[in-house]
């Protein structure tokens, strides 16, 4: 059953001119949404893929690490399969942004190896971005992002809700802490 604000999709039977509702679901495993997004990062968000499960230090691992094609900004993506599995991804991602800024030289080496030396020399640290992708977000997640709007944290944050419909998927930005166009708008104008 669709949630209150979710679109309701129907499959059309052209012969009978009948509709059949397609129910939204989450992916089976968190790794499933991660793999799907990583394989299509440029198509969905305009982000160049750099690494999966990137170990930033001995205790912390970033789900997906990329770089914004247009702005040259580091992009950290954290995934949660569903709302019940969504535990502090915003706080976790903010820690990763701070750690990435502390390890700028390692990040530059990664960008040089995966893209080019020119890209590595032109990284826009002030536009670092955190994308949290989950089946849904609770009011605490949205509030955490809202609370960062008036602060100069040098970090863009977007909460992106996904819904899987049979062999289709949708992405929707449900909260962001900046006035710029969101990553989905930028790519799909």
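The values are calculated or read from the model by the stated rules, or taken from the named source; none is laboratory data. No experiment lies behind these values; they were computed from the predicted model shown. With ideal geometry, Cβ positions are generated from the backbone for all residues, glycine too; neighbour counts draw on all protein chains shown.
Mind checking whether some residue in the range 30-52 is more than 22 Å from residue 180 (Cβ to Cβ), part of a strand (DSSP E or B) and modelled with pLDDT of 95 or more? Looking through the range 30-52, at least one residue is more than 22 Å from residue 180 (Cβ to Cβ), part of a strand (DSSP E or B) and modelled with pLDDT of 95 or more. Can you pull out every residue in the range 112-135 that is crowded, with 19+ Cβ neighbours inside 10 Å and touching a strand residue (DSSP E or B) at 6+ places or on another chain (Cβ under 6 Å)? Residues satisfying the conditions are 128, 129, 130, 131, 132, 133, 134.
Under the condition of being under 15 Å from residue 52 (Cα atoms), buried (at least 19 other Cβ atoms within 10 Å of the Cβ) and either modelled with pLDDT of 90 or more or out of contact with any strand residue (DSSP E or B) (no Cβ under 9 Å at 6 or more places or on another chain) (or both), the residues counted in the range 64-110 number 13. Pull out all pairs, ordered by first then second residue, where Cβ-Cβ is under 7 Å, the residues are six or more apart or on different chains, the first lies in the range 120-145 and is at pLDDT below 85, and the second is assigned to a helix (DSSP H, G or I) and surrounded by 20 or more Cβ atoms within 10 Å (Cβ to Cβ). Taking only residues 6 or more apart or on different chains, the pairs are 141/90; 144/90; 145/90. Just wondering, is there one or more residues in the range 2-15 that are over 17 Å from residue 162 (Cβ atoms), buried (at least 18 other Cβ atoms within 10 Å of the Cβ) and more than 13 Å from the chain's Cα centre (by Cα)? Within the range 2-15, not a single residue is over 17 Å from residue 162 (Cβ atoms), buried (at least 18 other Cβ atoms within 10 Å of the Cβ) and more than 13 Å from the chain's Cα centre (by Cα).
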